[in-house]
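The values are calculated or read from the model by the stated rules, or taken from the named source; none is laboratory data. It should be emphasised that the depicted structure is a prediction, and the values quoted were computed from it without experimental measurement. Methodologically, a virtual Cβ is constructed for each residue, glycine included, from the backbone with ideal geometry; neighbour enumeration extends over all protein chains shown.
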């Protein structure tokens with residue numbers, strides 16, 4: 001009987017815990033792809049930049065790089081003047097500036113998106129030196145009251 005009660009108590013405890021990680025997972029950082037994690041472990045991670053600092057950097061000549069899908073762009077727009085990547089991980093490197101010292105700020109949808117990380121890692125692996133990720137993405141950009149460009153651009 002004691003074993004049965006302990007088993008029942010343990011089962012209830014496990015069932016109660018199953019919901020907890022799911023809730024925490026929605027608040028936690030996004031799960032990264034294995035190739036991005038491997039690249040980060042070799043080198044220092046790509047630094048992040050706040051929306052306010054990114055806005056200042058854009059005014060000083062930094063270039064926004066959009067790693068979103070077309071659907072996200074159509075719904076949320078883009079940072080004005082952003083380079084629109086064809087893919088977050090397989091884009092043509094010719095889409096980026098030839099000058100590899102140019103300041104590039106990659107972004108995707110929001111804090112749960114890792115497309116900007118993959119795109120930034122690809123640029124870094126190919127010699128671009130000044131790279132940041134705007135973690136809040138286009139949704140955070142809009143929430144901060146920053147202007148957006150419509151997509152597709154006419």
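Among the numbered criteria (1) in contact with a helix residue (DSSP H, G or I) (Cβ under 9 Å, 6 or more places away or on another chain); (2) at pLDDT 95 or above, which single criterion is violated by residue 87?
With respect to (1) in contact with a helix residue (DSSP H, G or I) (Cβ under 9 Å, 6 or more places away or on another chain); (2) at pLDDT 95 or above, residue 87 is out only on (2).
Are any residues in segment 76-102 within 17 Å of residue 61 (Cα to Cα) and free of Cβ contacts under 8 Å to residues at least 12 places away in the same chain, and if so, which ones?
Scanning segment 76-102 gives 98, 99.
Search segment 35-60 for residues being at pLDDT below 75 and exposed (fewer than 10 other Cβ atoms within 10 Å of the Cβ), and hand back the single one that is nearest to the chain's Cα centre (by Cα).
Applying the filter and picking the extreme gives 41.
How many of the residues in segment 115-134 are farther than 21 Å from residue 92 by Cβ and buried (at least 23 other Cβ atoms within 10 Å of the Cβ)?
1
Take segment 103-142 and flag every residue that is in contact (Cβ under 8 Å) with a residue 40 or more places away in the chain, under 14 Å from residue 63 (Cβ atoms) and assigned to a loop (DSSP other than H, G, I, E, B).
The answer is 134, and nothing else.
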